Amino acid sequence: MNLGSILILLPWCATLWLATRKADGQRFAMAIALVELVLALILRLAPGVLHNTSHALFIPMLGALWTLNDGAFGSTLAVLTALLLPVSMAFAWRLSEFRALALSALVMEGALFGIFLAENVLMFYIFYEILALAGAFLILRTGHKSRAAALQFLLYTVVGSLLFLVALVVVYLLHGAQTGVYNFSILTLSDTRIPASAGLWIFLGMVAGLAVKMPLFPLHSWAGPSYGAAAPAGSIFLSGAAVTAGAYGLIHFAIPMLPQAALHFAPAGIILGAIGTLYGAFLALNADNLRHFAAYASVSHMNLVALGLFALQAQALYGSVFLLIAHGIVSAGLFGMVAVMEARGLTGEWAGLGGLFRRAPRLGAWMLFFFLAGMGLPGLANFPGEFLSLAGAFQVLPWAAALATLGILAGVIYFLRIYERVMLGPLNSALPVALTDLRQSEWLLFWVLGLLTLWMGLDPQAILAHLGTLLSVHSSEVNSGGSHGV
């Protein structure tokens, strides 16, 4: 069994074992998460380790379903996913619902590794569906245990992915009719001659299925209720890792398969990303509690990722990928703050907060740090990705990039306003008398996330330099960004 197969199957086997045990199994689940992190690092630091992977699960007319690829982009996102799982578990360590969170998160991790490594597009779709089901289970069994939020999440993601499947099947049938070869391999389907009239509709179907996971405006409506309903420790994984599946599918499958259609859709994609960046900022500014604030701040940043992605210009695409990774780290810090506060009996409602810095100065200092990172302060993780995404988008559609810039400026306002509401001002009498500051384990978690945030901001080239192979899957015409339908 090769390394990629172990990464996918190990967390699923661990889930089966945990499901048969009555104990919560914290140590076992954490051990599996840390082993996965080590294996993901080996995969990322040893390029080509999967190049000799044998094709498995060969089915006539479908191809070899279990065909794995260790591209730079996929293996980088695999490391991000593997990092966020132990972080999520650590923040949920004392929760009574740790078991439900661990079970769903381990299934999601295996599905995400399958998504990042799959070379067969049908297998990608199967993993994508497993991810949606496990995410709905996490929302249903942790936090507020909201059936409505879980159902909304499931409907959005499943209906969207069905549209992706329909578009995929159309390409599959076209390729079979042209060549007589019926296969779902991305290498095979990329050679399909697709009429221009049909290409845009096929691409729209793929966008509907993949962008809903990011979530791109106006497909974002599930994010606020879902992140707000799940336990904050679970939202770390939902908002930081699960959302990367949609962006990866667009970059690795949809755009290379339909480059001309992608160029025609690019102006609309940039506009939607710009609107979503600004609209998400206003939603965060008017959020009714701390959970929803973190959720809508995540939505705003992910729409900026979409703007850079759909610019289909090398600089913007680099920035989009960098921001996607940075968002995972910063989002973990934000939802980690919420998890810490709720562990101390704070509901996150504004009426129960205020003057918290006086009781918990270390928590207040780390909250300020991650809020500054969320604002895009130079020297911290979000800034290089935001700058490159906007710089590239300005070359393609300046007014839309300017609109997204307003969203970033609004982000500065809502982060400062929320910090003042939570940490500053007179001490709220509703705060618990015995409120404690960060424990040593929590302090260590924030140091890990904080150092990664600082490293990405101060040395972005350490990641950008290794993303060169990412653009090799796109045509030079797409990379130039010069043939958009504008």
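The values are calculated or read from the model by the stated rules, or taken from the named source; none is laboratory data. As the structure is a prediction and not an experimental result, all values here were calculated from the model. Methodologically, a virtual Cβ is constructed for each residue, glycine included, from the backbone with ideal geometry; neighbour enumeration extends over all protein chains shown. When the accessible area is computed, the model is the full protein with side chains, heavy atoms only, and any ligands, DNA or RNA have been set aside. Shrake-Rupley method; radii C 1.70, N 1.55, O 1.52, S 1.80 Å.
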Taking the dipole about the Cα centre of the chain, with the C-beta of Lys and Arg at +1 and of Asp and Glu at -1, give me whichever of 329, 67, 248 is farthest to the positive side. 329
Using the Karplus curve 6.51 cos²θ - 1.76 cosθ + 1.60 with θ = phi - 60°, what ³J(HN,Hα) values do you get for each residue of the stretch 216-224, in whole Hz, with x for Gly and Pro? 7, 4, x, 8, 9, 4, 6, 5, x
10 Å beta-carbon shell around residue 143, net charge (K/R +1, D/E -1): +1
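What does the charge count around residue 76 come to, taking other residues whose C-beta lies under 12 Å from its C-beta (Lys +1, Arg +1, Asp -1, Glu -1)? Write down the numbers at each step before the final one.
Details: positive: 44; negative: 70.
That sum, taken over residues with Cβ under 12 Å, equals 0.
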Below 8 Å, C-alpha to C-alpha, sequence gap of six or more: please give me the relative contact order for the chain in percent. 14
When the Cα centres of the stretch 175-239 and the stretch 241-313 are compared, how far apart do they sit, in Å? 13
Sequence-distant or interchain residues sharing an amide H contact under 5 Å with residue 69, placed H: which? 118, 119
Derived scalar couplings ³J(HN,Hα) [the stretch 304-311; Karplus, 6.51 cos²θ - 1.76 cosθ + 1.60; whole Hz; x for Gly, Pro]: 5, 4, 5, 4, x, 5, 6, 5
Leaving out ligands, DNA and RNA but keeping every protein chain, what accessible area does residue 452 have, in Å² rounded to the nearest 10, with a 1.4 Å probe? 50
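When only Cα pairs under 8 Å and 6 or more residues apart are kept, what is the percent relative contact order across the stretch 139-279?
Reported relative contact order: 33 percent.
Over every pair of different alpha-carbon atoms in the stretch 218-307, take the mean of 1/r and invert it; report that Kirkwood radius in Å. Could you put the intermediate results ahead of the total?
Values: mean 1/r = 0.0726 Å⁻¹.
Across the stretch 218-307, the inverse of the average 1/r is 13.8 Å.
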Between 0 and 90 degrees, rounded to the nearest ten: what's the tilt of helix 382-396 against the longest Cα principal axis of the chain? 40
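If the only charges are +1 at each Lys and Arg Cβ and -1 at each Asp and Glu Cβ, what is the size of the charge dipole of the stretch 351-447 around the Cα centre, to the nearest 20 debye? Walk me through the numbers on the way to the answer.
Details: 6 positive and 4 negative charges, 56 e Å.
Dipole about the Cα centre, nearest 20: 260 debye.
What's the local net charge at residue 340, with K and R +1, D and E -1, over the other residues with C-beta under 12 Å away?
In short, +1.
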Qualifying trypsin sites (Lys or Arg not before Pro) for the stretch 9-40 [loop in DSSP, other Cβ within 10 Å: at most 10]: 21, 22
So how strong a dipole does the chain carry about its Cα centre when Lys and Arg Cβ are +1 and Asp and Glu Cβ are -1, to the nearest 20 debye? 1020
Rg and Dmax [Cα atoms of the stretch 298-355; Å; Rg one decimal, Dmax integer]: 16.0, 47
Roll a 1.4 Å probe over the protein chains and send me the accessible area per residue for the stretch 266-351 in Å². 20
For the stretch 191-236, with equal point scatterers placed on the C-alpha atoms only and solvent neglected, what are the log10 I(q)/I(0) values from the Debye formula at q = 0.22, 0.24, 0.26 1/Å, to two decimals? -0.78, -0.86, -0.93
What are the residues whose amide H is under 5 Å from the amide H of residue 2, where those residues sit 5 or more places off or on another chain and H is modelled from the backbone? none
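At a 1.4 Å probe radius, which order do 194, 329 fall into by accessible area, largest first? Each step should come with its number before you reach the end.
Details: 194 40, 329 5 Å².
Ranked list, largest accessible area first: 194, 329.
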Any chance you could check the Cα centroid distance between the stretch 413-445 and the stretch 82-152 for me, in angstrom? 29
Whenever you get a sec, line up 296, 156 from highest to lowest accessible area (probe 1.4 Å, protein heavy atoms). 156, 296
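Ignoring ligands, DNA and RNA, what percent of the 1.4 Å accessible area of the chain is carbon and sulfur?
On the way: 12090 of 17470 Å².
Reported share for carbon and sulfur atoms: 69 percent.
Which whole-number percent gives the relative contact order of the stretch 342-475, counting Cα pairs below 8 Å spaced six or more residues apart? Mind showing how you got there, number by number?
On the way: 122 pairs, mean separation 55.3, N = 134.
The normalised contact order for the stretch 342-475 reaches 41 percent.
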Rounded to two decimals, what is Rg over Rh for the chain when you use alpha-carbon atoms and the Kirkwood radius? 0.96
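What trypsin sites (Lys or Arg not before Pro) does the stretch 357-451 have in DSSP loop regions with at most 14 other beta carbons within 10 Å? Could the numbers behind the result be given before it?
On the way: sites: 358, 359, 362, 417, 421, 439; in loops: 359, 439.
For trypsin sites (Lys or Arg not before Pro) across the stretch 357-451 that sit outside H, G, I, E and B with at most 14 neighbouring Cβ atoms in 10 Å, the list reads 439.
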